[in-house]
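The values are calculated or read from the model by the stated rules, or taken from the named source; none is laboratory data. Note that this is a predicted model, so its numbers are computed, not measured. Heads up, the Cβs are rebuilt from the backbone with ideal geometry, glycines too, and the neighbour counts pull from every protein chain shown. To get the accessible areas, we keep the full protein, side chains included, count just its heavy atoms, and leave off ligands, DNA and RNA. Shrake-Rupley method; radii C 1.70, N 1.55, O 1.52, S 1.80 Å.
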Amino acid sequence: MNSMAMATHLYTSYSPITTKTISSNNNSDKVLSLPLQPRHAVSIASPSLSLGTTTRFSISAAAGTTAVQVDGPTTSNKGPKSLPFRVGHGFDLHRLEPGYPLIIGGINIPHERGCEAHSDGDVLLHCVVDAILGALGLPDIGQIFPDSDPKWKGAPSSVFIKEAVRLMHEAGYDIGNLDATLILQRPKLSPHKEAIRDNLCQLLGADPSVINLKAKTHEKVDSLGENRSIAAHTVVLLMKK
């Protein structure tokens, strides 16, 4: 049962009466007419009253009937509490095509293929932006920076990161920690990981100790393993300032 059963016991010396229809609606006051036995307790259950609802019962008696007035739920005027931390997840994937630069975390990586995208196609920064926006409960990167808007054509993804960081600070949060995983078959990212992480730290204004970066191949499976695409996952923890 999703609601709380509330009961009150009524005592009366009136003789039994005919049962009437009992109706209940949380959005308005209710009057319940009840059959009563002399000096017997009658239990009234209101299953449509939810947990956390304050309900007041007032009882009036007249010959041949007893009415129970049930006031509607008392609501709170307080807004939602500010959370001490928030968690967000981001994912992005781009096709790899000849003739495009391969930019990861703001670093240009030498490779025969690059990301085909509306902006610079930085799969890592796009993923991080989505993780931050998700933690804040905001729309995703495609809604805030739509690819239908020509002003974002070829734009560096650092622009998107800076806006996400601004929104994060505006909401009163800082980066607690961030963990990102890049998935691509080629090229090997080991020689570039530190440069990528250092740049990401600068863009986020975060200490390197709270930013982690991993790189995986896809074991030559599907488009990722065939060097036809690149993907990234990011999990971010935001802490209240």
- Loop trypsin sites (Lys or Arg not before Pro), the range 188-217, which have at most 16 other Cβ atoms in a 10 Å radius of their Cβ (DSSP): LYS188
- Note on the structure: Answer check: the range 70-192, Cα atoms, Kirkwood Rh, Rg/Rh ratio of 1.13
- If you place +1 on the Cβ of every Lys and Arg and -1 on the Cβ of every Asp and Glu, how big does the dipole about the Cα centre of the range 103-162 come out, in debye to the nearest 20? 160
- Query: What length, rounded to one decimal in nm, is gained on full extension from SER158 through to ASP179, with 0.36 nm per residue of separation minus their alpha-carbon distance?
  - Reply: 5.7 nm
- Stretched fully, the stretch from MET239 through LEU167 gains (0.36 nm per residue minus C-alpha distance, one decimal, in nm) 24.6 nm
- Note on the structure: GLU226 and ASP147 label points (each 7 Å along its Cα→Cβ direction) are spaced in nm at 2.0
- Item | Packing-based ranking, highest mean first, of 92-101, 176-185 given that Cβ atoms within 10 Å are counted | 176-185, 92-101
- Note on the structure: One finds, for ARG95 and LYS216 with R0 = 30 angstrom and r their Cβ-Cβ distance, a FRET efficiency to the nearest 0.05 of 0.95
- Averaged per residue, what accessible surface does the range 111-241 expose to a 1.4 Å probe, in Å²? 46
- Item | Heavy-atom accessible area ranking, 1.4 Å probe, most first, across SER148, SER158 | SER148, SER158
- Here the residues of the range 162-189 lying in the modelled label zone of LEU83, meaning backbone nitrogen under 20 Å from a point 7 Å along Cα-to-Cβ, are 164-180
